[in-house]
Amino acid sequence: MAKAKKQIGQTKGVKRQGQFRSSKEDMKLLEKVPATPQTMAAAYKLAFDDLEFMTREELRPVRLQLELLKPELLMQEAGIESTVVLFGGARIPAPGAKTMGKNKRQKENLVAKAHFYEEARKFAALASKQSKKTGYKDFVVCSGGGPGVMEAANKGASELGAPSIGLNIVLPHEQAPNEYVTPELSFQFHYFAIRKMHFLMRAKVITAFPGGFGTLDELFETLTLIQTQRAAPMPVILFGEEFWRKIINFEALADEGTISHKDLDLFKFAETAKQGWDIVKDWWKLK
């Protein structure tokens, strides 16, 4: 069969899909439009290429949709079907690293938790070994993309040459993705709600290491969705039983009747990466 001829009117250097001229083609064509008062006016810009328009308050529903869709499409294209999610504090230091505590007591407490950085790194490595067996389609490590436990998660995958996901969020203080996130899987979010959806959409495992408000938010959203059967049951592993029991009296919630005693079975405790991965292996019947 003869090679198909270039479609009439197709812009040079821009591939067209289907019969209609693509948005990229039109953007390319507009680069050649003469500069006049009309063409220079904001109203003349294509809507999707107009940053001022796209960031208007009225466009929030569109931005929510785009923020949900962009990472979803890119993860689909990367062939990622399931993830192992590691939640945990940005302030948990690597052993020997500088701490972020404001006073001596805080610094001592954070240093005492540095071993959780190592356990997160080791747990991510175990997940990545399993992921390799699937061609890095299942059990892909996913973190919030920042420092602390998040960095440890991506580092554990990177050290094995495995891909890993980072779901960053724009914060008042500057926070670049940690250096171990796979660049093609490094995402930035404006909306916390959409970011949390992406944490859970592909999750087969959820872990929570010691952390602050963000970690608590992510953990309790997970437990709520599983409790209400809006999300499928999965292993939810809390690393550091002493920490978790100190800050949350789970049994008191059940005794007060605000949750059921059977809800206490929605999660398990672990101290080491091996203990945590044994829970995962038992749940998913992994070899």
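The values are calculated or read from the model by the stated rules, or taken from the named source; none is laboratory data. In this text the structure is predicted, and so the values were computed from the model without any measurement. Cβ placement follows ideal geometry from the backbone for every residue including glycine, while neighbour counts extend to all protein chains displayed.
A few remarks follow.
- Glu251 falls short of the stated requirement of being surrounded by fewer than 16 Cβ atoms within 10 Å (Cβ to Cβ) and under 24 Å from Phe123 (Cβ atoms).
- Any hit, the stretch 44-52, residues being assigned to a helix (DSSP H, G or I) and among the small types (Gly, Ala, Ser): yes
- Within the stretch 52-70, residues that are closer than 22 Å to Lys196 by Cα and in contact (Cβ under 8 Å) with a residue 60 or more places away in the chain have Cβ atoms under 6 Å from residues that are hydroxyl-bearing (Ser, Thr, Tyr) and surrounded by 15 or more Cβ atoms within 10 Å (Cβ to Cβ) in these pairs: Glu67/Tyr191, counting only partners at least 6 apart in sequence or on another chain.
- Residue list for the stretch 219-248, restricted to those being surrounded by 15 or more Cβ atoms within 10 Å (Cβ to Cβ) and charged (D, E, K, R): Glu221
- Comparison of Thr55, Thr83 shows that the only residue that is surrounded by fewer than 14 Cβ atoms within 10 Å (Cβ to Cβ), at pLDDT 95 or above and within 24 Å of the chain's Cα centre (by Cα) is Thr55.
- Residue in the stretch 76-84 that is on the phi < 0 side of the Ramachandran plot and free of Cβ contacts under 8 Å to residues at least 60 places away in the same chain present: yes
- The set of residues in the stretch 172-231 that are in a loop (DSSP other than H, G, I, E, B) and among the β-branched types (Val, Ile, Thr) comprises Val181, Thr182, Thr228.
- Residues located in the stretch 241-287, provided they are farther than 17 Å from Thr215 by Cα, over 25 Å from the mean Cα position of the chain (by Cα) and of a type outside the set (D, E, K, R): Ala252, Leu253, Ala254, Gly257, Thr258, Ile259, Ser260, His261, Leu264
- In the stretch 129-172, the residues that are at positive phi, surrounded by fewer than 22 Cβ atoms within 10 Å (Cβ to Cβ) and either without any contact (Cβ under 8 Å) to a residue 40 or more places away in the chain or within 11 Å of the chain's Cα centre (by Cα) (or both): Gly161
- Residues that are closer than 19 Å to Leu200 by Cα and among the small types (Gly, Ala, Ser) within the stretch 229-269 comprise Ala231, Ala232, listed in sequence order.
- Search result, residues across the stretch 259-287 that are more than 26 Å from Thr228 (Cβ to Cβ) and either outside any loop (DSSP other than H, G, I, E, B) or polar (S, T, N, Q) (or both): Thr272, Ala273, Lys274, Gln275, Trp277, Asp278, Lys281
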